[in-house]
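K.L.:
What follows is a single structure, and I will ask about it in a moment.
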Amino acid sequence: MAAETVTSTYRLRRARFAVAAVFCVHGAVTGSFATRIPWIQEHAGVSAGQLGLALAFPALGASVAMPLAGAISHRFGARTALRGLLTLWTLALTLPSLAPNIWGLCGALFVYGATAGMSDVAMNALGVETENRLGKSIMSSLHGMWSAGALIGSAAGTVAAHLGGDARLHHLIAALVLTALGLFFCQGVLDIRSTPEEDPPPRFSLPPKSALIIGAIGFCAVFAEGASLDWSAVYLRDELGSSAGLAAASTTAFALTMTVARLVGDRVVDRFGAVRTVRVGGTVATLGGAMVVLAPHAAVAMAGFGLIGLGVAVVVPLAFAAAGRSGPNPSQAIAGVATITYTSGLIAPSAIGGIADATSLVFSFGLVTLLTLGLVVGAGVLRAGGSDGTGGQRPTPEAGTKGGAPAKSSGPVA
């Protein structure tokens, strides 16, 4: 019995590190793509306006395809589904740089977003299941690994761009390397399989009501994140007269703040609980937003953006975790939350720009500050689906075991 418990604990720890590595690989694809957007724009011969249109297609593709992830996982098993979907995602990195014109770019980015969204749902569902079996919070650090992967991918892309490398060759090499790493790491994740008596989830369905409520919290956090990432440099330059170098540094500092906060966030969640953590985080982000709006000079605004990043960093991981416990079909609920957060990330930059054109950037970030205040008010919804509000989820004894046997889950594990 003791030997079985040790073996089960080892498998869970191995699964945790494997799914963390998968998150890192997923983020590295995004980072690799983002740094070569200027090259892709020039190669496809598209204007700034056309590029803006094309960059809406990843979110559109993800929103359409994400609800399919649950049915794929049900049919093939979680490990096989993740292996296939992650491979499609890493290989899709090669498509945008091959696009010859605006229509080809829109099509490539639609496929890019669809594969991104489906693999995103599959890995988050496995992350939630691993967290539940371990009996402690890990979702924040998993999303921290995604951010770390994005930083690694963007660093490699920056080097390739600095050397004047062809993005087609760069993305081909990156796709092959990341595909190999993804296939390797997928071997260690939990292999959840549906039991014969389980009804398959619908191939496509609207998100459950619980996902809509939880997704509203994720919407507020992602809107604040997207607005800060895309507009912090412009804010410092246009509103506070900062140099281009200092303005760019504010964006990098914001991204690093979020990465570090996510990597250490699980300890905070385990100690203070999901609800209290989000309420405090929302308060910190609201304070940061007020500092940005009232900043007399660049240093105060940079500190404010840093506090926004710190305050919203763990909200989306906790929203995914709450969605995964909110009903009988975790993948469907997670897909609903993911769709809402993707939509928020899509509309945030353009909404901030539109509001700024009609009023000012200061007024735009006043609205962002009100959204972060919404985190304080709505944090209680993260208790949904089995969360006790003190540690993110009800703890499971013996690292996911009960009486020496694996705790009950959504399906058997190979």
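K.L.:
Which value, in debye to the nearest 20, describes the size of the charge dipole of the chain about its Cα centre when Lys and Arg Cβ atoms bear +1, Asp and Glu Cβ atoms bear -1, and nothing else is charged? If you can, show how the numbers build up before the last one.
P.N.:
Values: 25 positive and 19 negative charges, 202 e Å.
It works out to roughly 980 debye.
K.L.:
Dipole size in debye (nearest 20) for segment 1-148 around its Cα centre, Lys and Arg Cβ +1, Asp and Glu Cβ -1?
P.N.:
Details: 10 positive and 5 negative charges, 100 e Å.
The dipole magnitude comes to about 480 debye.
K.L.:
Ordered by packing density, taken as the mean number of other Cβ atoms within 10 Å over each peptide's residues, highest first, how do 136-142, 318-324, 161-167 rank?
P.N.:
Values: 136-142: 25.7, 318-324: 30.6, 161-167: 13.6.
Result, highest mean Cβ count within 10 Å first: 318-324, 136-142, 161-167.
K.L.:
Which of rounded, prolate or oblate describes segment 79-182 when judged by the alpha-carbon gyration tensor and an a/c cut-off of 1.5? All intermediate terms of the calculation are to be shown ahead of the outcome.
P.N.:
On the way: a/c = 2.54, a/b = 1.68, b/c = 1.52.
Note, shape of segment 79-182 comes out prolate.
K.L.:
Another question about this same structure. How much length is gained on full extension from L256 to L183, taking 0.36 nm per residue of separation minus their Cα-Cα distance?
P.N.:
On the way: separation 73, 0.36 × 73 = 26.28 nm, distance 2.77 nm.
Full extension of this stretch gives 23.5 nm more.
K.L.:
Follow-up question, since we're still on this one. Expressed as an acute angle from 0 to 90° and rounded to the nearest 10, what is the orientation of the C-alpha long axis of helix 209-240 relative to the principal long axis of the chain?
P.N.:
With rounding to tens, the tilt is 30 degrees.
K.L.:
How high is the FRET efficiency from L176 to T283, r the C-beta distance, R0 51 Å, rounded to 0.05?
P.N.:
Values: r = 45 Å, r/R0 = 0.89.
Using R0 = 51 Å, I get an efficiency of 0.65.
K.L.:
I'd like to know which of A28, G77, V292 lies farthest towards the positive end of the charge dipole of the chain, counting +1 on Cβ of Lys and Arg and -1 on Cβ of Asp and Glu.
P.N.:
Checked the options; the winner is G77.
K.L.:
Could you work out how far helix 315-324 tilts from the main Cα principal axis of the chain, as a 0 to 90 degree angle to the nearest 10?
P.N.:
Result, in degrees: 30.
K.L.:
In addition: Helix 2-34 versus the longest principal axis of the chain: what angle, 0 to 90°, nearest 10, using Cα atoms?
P.N.:
Value to nearest ten degrees: 20.
K.L.:
Can I ask one more? Which order do the peptides 211-222, 144-155, 359-370 take when ranked by the mean count of other beta-carbon atoms within 10 Å per residue, highest first?
P.N.:
On the way: 211-222: 24.4, 144-155: 21.9, 359-370: 18.2.
Taking the mean over residues of other Cβ atoms within 10 Å, the ranking is 211-222, 144-155, 359-370.
K.L.:
Over the chain, what is the relative contact order in whole percent, taking alpha-carbon pairs under 8 Å and six or more residues apart? Walk me through the intermediate numbers first.
P.N.:
Values: 778 pairs, mean separation 106.7, N = 414.
26 percent.
K.L.:
Could you give the distance between the Cα centres of segment 137-193 and segment 26-49, to the whole Å?
P.N.:
The distance from the Cα centre of segment 137-193 to that of segment 26-49 comes to 16 Å.
Values quoted throughout were computed directly from the atomic coordinates according to the rules given, and no laboratory measurement underlies them. Please read these numbers as outputs of a predicted model, since none were measured by experiment. Heads up, the Cβs are rebuilt from the backbone with ideal geometry, glycines too, and the neighbour counts pull from every protein chain shown.
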